[in-house]
């Protein structure tokens with residue numbers, strides 16, 4: 001079975017990610033993830049401090065919240081990235097610089113593989129089997145990526161919502177409990193409305 005265009009895309013993504021990570025270094029790649037993660041955490045916990053000032057310029061609460069979170073995220077990303085870049089440069093220029101670049105190459109290859117696994121997972125989900133082209137179905141890398149997709153699915157928790165904090169769930173569906181309470185009240189009100197109608201003909205039969 002010859003190599004298809006899809007195989008070339010997979011090889012290109014893996015090599016590009018691996019070479020990019022090798023040039024940057026393993027420490028810089030890891031610290032970059034730390035920078036983005038730390039900035040996201042800072043934006044999540046600190047944005048309420050900036051919302052009152054944003055409301056002075058924009059009355060819409062949602063826009064003010066998004067703008068406040070974005071400003072804090074960018075500021076935190078600049079500050080943390082400045083620190084992590086200094087640390088990464090020190091590691092690369094040290095004696096373990098060659099090891100750092102080698103580990104970066106392996107990390108980049110693994111990152112590229114994970115990216116292709118996610119792409120194939122969405123491809124299998126969105127595209128019907130009859131609509132998939134032969135250059136994808138007949139690719140040599142497709143069976144391996146399909147097996148990695150199954151392993152990724154088995155590693156994911158079955159109930160992701162149960163793992164989320166309560167405050168995030170309330171933001172996603174804040175009115176879920178309020179919608180269920182009127183329904184239960186309406187069901188209980190039905191027997192009370194029918195009770196007088198059953199007793200109404202009783203005085204007429206006595207007369």
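Please treat every number below as a calculation from the coordinates, not as lab data. Treat the numbers as computed from the prediction; the structure is a model and nothing was measured. With ideal geometry, Cβ positions are generated from the backbone for all residues, glycine too; neighbour counts draw on all protein chains shown.
Taking the alpha-carbon centroid of each part, what is the distance from region 19-35 to region 110-151 in angstrom?
About 26 Å separates the Cα centre of region 19-35 from the one of region 110-151.
Once you place label points 7 Å from the Cα toward the Cβ at residue 23 and residue 127, how far apart are they in nm?
2.9 nm
Once you put a point 7 Å from the Cα of residue 11 and another 7 Å from the Cα of residue 147, both along the Cβ direction, what distance in nm separates them?
The two pseudo-label positions are separated by 2.0 nm.
Counting only the backbone N, which residues of region 1-33 are under 17 Å from the spot 7 Å out from the Cα of residue 138 toward its beta-carbon?
1-9
Rounded, prolate or oblate: pick one for region 1-91, where a ≥ b ≥ c are the square roots of the eigenvalues of its C-alpha gyration tensor, a/c under 1.5 means rounded, and failing that, prolate if a/b is larger than b/c, else oblate.
It comes out oblate by the Cα gyration axes.
Work out how much length residue 106 to residue 53 would gain on full extension: take 0.36 nm times their residue separation and subtract the Cα-Cα distance, in nm to one decimal. Could the numbers behind the result be given before it?
Numbers: separation 53, 0.36 × 53 = 19.08 nm, distance 4.57 nm.
Between residue 106 and residue 53, full extension yields 14.5 nm more.
Using only the Cα atoms of region 5-172, what are the Rg and Dmax in Å?
Calculated on Cα positions, Rg and Dmax stand at 20.9, 59 Å.
Listed highest first by mean packing, meaning other Cβ atoms within 10 Å per residue, what order do 103-113, 89-99, 72-82, 123-133 come in?
On the way: 103-113: 18.8, 89-99: 13.0, 72-82: 15.9, 123-133: 10.0.
Taking the mean over residues of other Cβ atoms within 10 Å, the ranking is 103-113, 72-82, 89-99, 123-133.
Order these peptides, 43-54, 18-29, by their mean beta-carbon neighbour count within 10 angstrom, highest first. Walk me through the numbers before you get to the answer.
Working: 43-54: 14.5, 18-29: 19.9.
Top of the packing list down: 18-29, 43-54.
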